[in-house]
1. Give me log10 I(q)/I(0) at q = 0.16, 0.18, 0.22 Å⁻¹ for the range 16-122, Debye formula, one equal scatterer per alpha-carbon, no solvent.
2. What is the fewest-to-most order of S88, S15, S37 by other Cβ atoms lying within 10 Å of their Cβ?
3. Taking only the C-alpha atoms, wrap a convex hull around the range 69-119 and report its volume per residue in Å³ as a whole number.
4. Looking at the chain as a GNM with Cα springs under 10 Å, which of L85, L59, L72 has the largest mean-square fluctuation?
5. With axes computed from alpha carbons, what is the tilt in degrees of helix 66-78 against the longest principal axis of the chain, rounded to the nearest 10 within 0 to 90?
6. Report relative contact order for the chain in percent, whole number only (criteria: Cα-Cα under 8 Å, sequence separation at least 6).
7. If I stretch the segment between F24 and R91 completely, what's the gain in nm (0.36 nm per residue apart, minus their alpha carbon distance), one decimal?
8. Fewest to most neighbouring Cβ within 10 Å: what's the order for T77, T82?
Amino acid sequence: MSETNNMTMMPKRRSPLYRLRRLFTFIFFYLWEVLLSNLVLAHDVITPRDRFRPGILALHLPEMTDLQIIALTNLVTMTPGTLTLDVSEDRRTLFMHCMYLDNPQWMRRRICEDYVMRIKEIF
């Protein structure tokens, strides 16, 4: 649920300083995610045991602007082990390929909490 201004019932705009802080926090979070993903992928390639559990995930998106969806799809694609396949025409579903999809519900929750909510705070 988004915050609203009680007088006008319009979505509350965050201050530029708040959004800048959230952007820097997100950059560090995302760099950490890329590092961890690279390590997991490299470990799986180097070791003889195959941990790949590939699958296609349909992620239901909250209401997002075009810019937010573009940011999300690019970030998902740039993270090793995930790839954006398509966004539905109504912009409510993101289809993505995951190399490690042991628990689809956990992955959906993780993408929504870690990526979608942070992106909505920045843009």
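Computed from the coordinates by the stated procedures, all read-outs in this text should not be read as laboratory data. Just so we're clear, the structure is a prediction, and the values are computed from it rather than from any experiment. Neighbour counts run over all protein chains shown; Cβ positions are idealised from the backbone, glycine included.
1. At q = 0.16, 0.18, 0.22 Å⁻¹ the computed log10 ratios are -0.74, -0.91, -1.26.
2. Numbers: S88 12, S15 8, S37 17.
Going from least to most buried by this count: S15, S88, S37.
3. Values: hull volume 3.7 nm³, N = 51.
Roughly 73 Å³ of hull volume per residue.
4. Looking only at L85, L59, L72, the largest GNM fluctuation is found for L85.
5. 20
6. Numbers: 119 pairs, mean separation 34.4, N = 123.
Relative contact order, the chain: 28 percent.
7. 21.4 nm
8. T77, T82
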